[in-house]
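What follows is a short report on a single structure.
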Amino acid sequence: MKINLSNKFAMPDIKKKQVRETPQKEGDSFVRSAETTSDNLQILKQNTFREEQKEIKTGFSQDLIEALEKLPPKDNIRIFLVHGSHTGGHRSAAESLKAAMDKLPHVQAEVINSLDYSSEGIKNAQVGAAQMAIDHLKGLRGWCFQKAHEGNPVMYWLGNTGMKIKSFFSKKFLNKIHDEKPDAIIATHSPMNSMLGYWKGSGKINMPLLSTVTDFSTHRMWAQDEVDHYYVASDGAAGDLKRFNIDDSKISVTGIPIKPDFAEVTELSPAEMKVKLGLDPQKPLVLLMGGSLGYGPYEELSSELDKVDTPLQIVAICGKNQAKLEALETKKDTMKQILVPVGFIKNVSDYMEAADVIISKPGGLTASEIFALKKPMIMLEPMPGLEEISANAIQKLGVAFMEKTPADAAKFAQKLLTNPALKEDVDKKLEKVSHPYSSYTVAEDAVKRALEHHLSEGSDKFSI
């Protein structure tokens, strides 16, 4: 039974409803204003205050929730969220989607690292080769990614052939799919598109195969004919897929899935968030971020920021890098600007909300989180290859700026803080690229596709 997917992207509508507004009760009904056109506001009425709160809490359309609730008590939609990486970005996107899907009734989402279903020899070889390429073969690695981004047919053939060979050593994973029969699979890693696409093309699996691209550019390995739908970060990433002959109807610009927490609005202004964090509410905040290991030239950046004329405060998130934390603790007493080094923390998003400018490495997930909070970004030191390509794509959005040296980054940070015209231009562009609801948007569409497959396999039939 075909489910009507014409309303498959309900989340942009929810985004328009401006959840920041305070709900108001009027008798037994609930009323709030919502922006439904560019010219006016309409009044949207809900049956009860509880129903409205439910929609705000879950971030999903009411029609999807009601459709899922019609399933029998023990009948659940199963979705596999698959990556094959020992690094964080692909896993984080999958975990963000799971966090969103966990809010839905009758949906069981599972994050799967395909490496866990490979033999120890294959797993160790893949992890070792990837790390060796990062540590010692940066030039070659960068060249390979550049050729893949260009769509080089030899690189495409080699990549797909490698994953076809790997599929023969991944029978444990294929058996899991056969045994548990997920209603959809979402790949957040390009090699998984290739291997799962091979299985689907050869008739080994038949459920919807979906893909979330985790960078702002797309290389050819992502593009597989057997993938039913793609969710991408930007128009540029969509354009890359079209270059590789993926039909426009199979691509949706949703943003990269980020933690659902970024869709939870705060009533605190940046100044109030600074107070909450023990910072000066009157001074601009430049935030230095480098992932859980605190990558980046923090010492040089703080020295250069100390030279700018504008009084400001600098927070450097060092993560688990204890040596860097200790070095900055020593350095802060020698600076005229306020320097606040912090270690591994769980409230990174609070510091991001408080920041006026963020300097970070150009990862797709990190950039998406920064843009979700509508903050300008300065990028430093992209790795040759995929990260450098992605950084160039991010820079084209007009809300992130790549600088070659810490000195250049510090000068541009001051420009962002002191040039009203530049700030106004960046703020307008941030409105267009901000996707705080990205995980909900992707999950909404994916669950509807999974539900359609689930019903076609023999459950009770109805339309959304």
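Give the residues of segment 383-396 that are modelled with pLDDT of 90 or more, of a type in the set (A, V, I, L, M, F, W, C) and open to solvent by 20 Å² or more (accessible area, probe 1.4 Å), sorted by residue number.
ALA393
Restricting attention to segment 397-413, which residues are more than 27 Å from GLY236 (Cβ to Cβ) and touching a Pro at 6+ places or on another chain (Cβ under 9 Å)?
PRO406
Answer yes or no as to whether LYS172 is closer than 23 Å to GLY89 by Cβ, without any contact (Cβ under 8 Å) to a residue 60 or more places away in the chain and among the charged types (D, E, K, R).
no
Can you tell me which residue within segment 145-174, out of those that are part of a loop (DSSP other than H, G, I, E, B) and in contact with a Phe, Trp or Tyr (Cβ under 7 Å, 6 or more places away or on another chain), is surrounded by the fewest Cβ atoms within 10 Å (Cβ to Cβ)?
Once the filter is applied, the top-ranked residue is GLY151.
Being buried (at least 18 other Cβ atoms within 10 Å of the Cβ) and under 22 Å from LEU417 (Cα atoms) is the filter; apply it to segment 309-325 and report the residue that is farthest from the chain's Cα centre (by Cα).
Within segment 309-325, the match that is farthest from the chain's Cα centre (by Cα) is LEU312.
Just need a number here: residues in segment 371-382 that are touching a residue at least 40 places away in the same chain (Cβ under 8 Å) and crowded, with 18+ Cβ neighbours inside 10 Å.
Looking only at segment 371-382, we keep the residues that are touching a residue at least 40 places away in the same chain (Cβ under 8 Å), and these are 371-376, 380-381.
Keeping just the survivors that are crowded, with 18+ Cβ neighbours inside 10 Å gives 371-373, 375-376, 380-381.
Qualifying residue count, segment 371-382: 7.
So LYS336 ticks every box in (1) touching a residue at least 12 places away in the same chain (Cβ under 8 Å); (2) in a helix (DSSP H, G or I); (3) loosely packed, with under 15 Cβ neighbours inside 10 Å but one. Which box is left unticked?
Status for LYS336: all satisfied but (2).
Among residues belonging to segment 303-332 that are of a type in the set (A, V, I, L, M) and in a loop (DSSP other than H, G, I, E, B), point out the one that is nearest to ASP350 (Cα to Cα).
Looking at residues that are of a type in the set (A, V, I, L, M) and in a loop (DSSP other than H, G, I, E, B), I get LEU312.
With LEU417, LEU422 as the choices, which residue is modelled with pLDDT of 95 or more, surrounded by 16 or more Cβ atoms within 10 Å (Cβ to Cβ) and over 30 Å from PRO260 (Cβ atoms)?
LEU417
Keeping to segment 298-308, report how many residues are within 16 Å of GLY343 (Cα to Cα), open to solvent by 20 Å² or more (accessible area, probe 1.4 Å) and among the hydroxyl-bearing types (Ser, Thr, Tyr).
0
Within segment 175-195, can you find the residues that are assigned to a helix (DSSP H, G or I), of a type outside the set (A, V, I, L, M, F, W, C) and either buried (at least 24 other Cβ atoms within 10 Å of the Cβ) or in contact with a Pro (Cβ under 7 Å, 6 or more places away or on another chain) (or both)? Let's see the steps before the verdict.
Restricting attention to segment 175-195, the residues satisfying the condition of being assigned to a helix (DSSP H, G or I) are 175-180, 190-195.
In the following step, the residues that additionally are of a type outside the set (A, V, I, L, M, F, W, C) were identified as 175-176, 178-180, 190-191, 193-194.
SER190, ASN193, SER194, listed by residue number.
Taking GLN322, is it modelled with pLDDT of 95 or more and among the polar types (S, T, N, Q)?
Judged against the criteria, GLN322 is not a match.
Given (1) touching a strand residue (DSSP E or B) at 6+ places or on another chain (Cβ under 8 Å); (2) within 26 Å of MET195 (Cβ to Cβ), where does GLY239 come up short, assuming only one miss?
It fails just one condition, (1).
How many residues, within segment 397-408, are surrounded by 15 or more Cβ atoms within 10 Å (Cβ to Cβ) and within 22 Å of ASP215 (Cβ to Cβ)?
Residues meeting the conditions: 7.
Scan segment 196-220 residue by residue and report those that are assigned to a helix (DSSP H, G or I) and open to solvent by less than 30 Å² (accessible area, probe 1.4 Å). Explain how you work it out, then say what you get.
If we filter segment 196-220 for residues that are assigned to a helix (DSSP H, G or I), which is where we start, we get 196-201, 220.
Listed by number, the residues that qualify are LEU196, GLY197, TRP199.
Step by step: first the residues of segment 69-116, then only those that are under 15 Å from the mean Cα position of the chain (by Cα) and of a type in the set (Ser, Thr, Tyr), then the one that is modelled with the lowest pLDDT. Which residue is that?
THR87
For segment 222-270, which residues satisfy the criterion of being without any contact (Cβ under 8 Å) to a residue 40 or more places away in the chain and in a helix (DSSP H, G or I)?
Passing the criteria: TRP222, ASP235, ALA238, GLY239, LEU241, LYS242, ASP248, SER249, LYS250.
For SER349, state whether it is touching a Gly at 6+ places or on another chain (Cβ under 8 Å), on the phi < 0 side of the Ramachandran plot and assigned to a helix (DSSP H, G or I).
no
Can you name every residue in segment 243-297 that is closer than 30 Å to ALA446 by Cβ and either exposed (fewer than 15 other Cβ atoms within 10 Å of the Cβ) or over 24 Å from the mean Cα position of the chain (by Cα) (or both)?
From segment 243-297, those closer than 30 Å to ALA446 by Cβ are 243-266, 289, 291-292; that's our starting set.
Listed by number, the residues that qualify are ARG243, ASN245, ASP247, ASP248, SER249, ASP261, GLU264, VAL265, THR266, SER292.
The values are calculated or read from the model by the stated rules, or taken from the named source; none is laboratory data. Computed from a predicted structure; not experimentally measured. Backbone-built Cβ (ideal geometry, glycine too); neighbour counts: all protein chains shown. Note: accessible area is taken over every heavy atom of the protein model, side chains too, but ligands, DNA and RNA are not part of it. Shrake-Rupley method; radii C 1.70, N 1.55, O 1.52, S 1.80 Å.
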